[in-house]
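> Below is a structure I'd like to ask you about.
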């Protein structure tokens, strides 16, 4: 995570902005929260103990088109009128209106975030099972939101999403001839050879996992809010499902970084990937015959993003979290397994490799 933090000047600017909006009284304190390595999230507390959340991009340089906080705020505002649990968007600011970057303010959803261990109040098999089923039900409900009626027709292009998304991601790490790194090549080719037609068109979250929701501590097993909408777009809903399932660890060993952020799901009571996929299919009527392609795409995409992050970190302009090349390797191995492709013993052996 970036080590950027509010200083006296920027905190003063934020204080005055929140006071003008009626969102703070007196002085404020700020505290970085969350486990993400992209946009920055701060818990802001005023003199009376009132709390809100501020989301802002990481410090520059950032990739063109990335980290659009105002787009994220717009999506949250649109979803407030649906059954999807989201925090309330309270205010937005353009770059240089308050600080040098744009940001938005949202309500603070109180509850628990689960990553490596389920909090004691939620740690019974029945509640764990309810949590997981509510997760997949919420994802299914998101995919049935009328995005046209919600005014979100311009946030993505669902037609041809699968092939286009694969190609656009591949360009992030391709060489000057458009070729992927050697250790990506086999998965890249397999994905290209097996691209399915879109199963449908829906809002997709693009990073839906247990660590990106706030769980209620009053209505045990229920979700207070789904977080981190920065990557949301219009696309094939089965990609979202494939990504979600890929984030669920199936054993304690050989975890990829996303699975490592959800090892609580190995505890007693949490259902398997297969059970969650079946529940999604029953709720939506989706045909899951090609689900392994979407799961493979999700893992390959994560490998691409981590490789892109690794290169930026190596150049001294990115998050140091991504420096370890073994994280990329873990996603490539998982993608091979999802596609049922054998792993070559020399896959990571050349100088170009990890």
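> For residue 269, which of the numbered conditions (1) free of Cβ contacts under 8 Å to residues at least 12 places away in the same chain; (2) at positive phi fails to hold?
Of everything listed in (1) free of Cβ contacts under 8 Å to residues at least 12 places away in the same chain; (2) at positive phi, residue 269 misses just condition (1).
> Report, ordered by the first and then the second residue, all pairs with beta carbons closer than 7 Å, sequence separation of six or more or different chains, a first member in the stretch 1-13 that is within 17 Å of residue 97 (Cα to Cα), and a second member that is at pLDDT 95 or above and part of a loop (DSSP other than H, G, I, E, B).
Going by the 7 Å Cβ cut-off, the qualifying pairs are 10/99; 11/28; 13/98; 13/99.
> Residue by residue through the stretch 26-45, note down the ones that are touching a strand residue (DSSP E or B) at 6+ places or on another chain (Cβ under 8 Å) and assigned to a loop (DSSP other than H, G, I, E, B). Full working, then the answer.
As a first pass, look at the stretch 26-45 and keep what is touching a strand residue (DSSP E or B) at 6+ places or on another chain (Cβ under 8 Å): 28-34, 39-45.
Scanning the stretch 26-45 gives 28, 33, 34, 39.
> Only one of these is buried (at least 17 other Cβ atoms within 10 Å of the Cβ) and at negative phi: 330, 314. Name it. Quick ask: steps written out before the conclusion?
On the way: 314 fails: buried (at least 17 other Cβ atoms within 10 Å of the Cβ).
Exactly one of 330, 314 is buried (at least 17 other Cβ atoms within 10 Å of the Cβ) and at negative phi, namely 330.
> Pick from the stretch 216-251 the residues that are in a loop (DSSP other than H, G, I, E, B) and closer than 21 Å to residue 339 by Cα: which of them is farthest from the chain's Cα centre (by Cα)?
Looking at residues that are in a loop (DSSP other than H, G, I, E, B) and closer than 21 Å to residue 339 by Cα, I get 251.
> Continuing with this model, one more query. Taking the stretch 180-199, which residues are in contact (Cβ under 8 Å) with a residue 40 or more places away in the chain, surrounded by fewer than 17 Cβ atoms within 10 Å (Cβ to Cβ) and farther than 16 Å from residue 308 by Cα? Spell out the reasoning first.
Within the stretch 180-199, the subset in contact (Cβ under 8 Å) with a residue 40 or more places away in the chain is 181-184, 186-188, 190-191, 194-196, 198-199.
So of that shortlist, the ones also surrounded by fewer than 17 Cβ atoms within 10 Å (Cβ to Cβ) come out as 182, 194, 196.
Correct list: 194, 196.
The values are calculated or read from the model by the stated rules, or taken from the named source; none is laboratory data. Remember, it's a predicted structure, so these values are computed and weren't measured experimentally. Here Cβ is always computed from backbone atoms with ideal geometry, including for glycine, and neighbour counts include all displayed protein chains.
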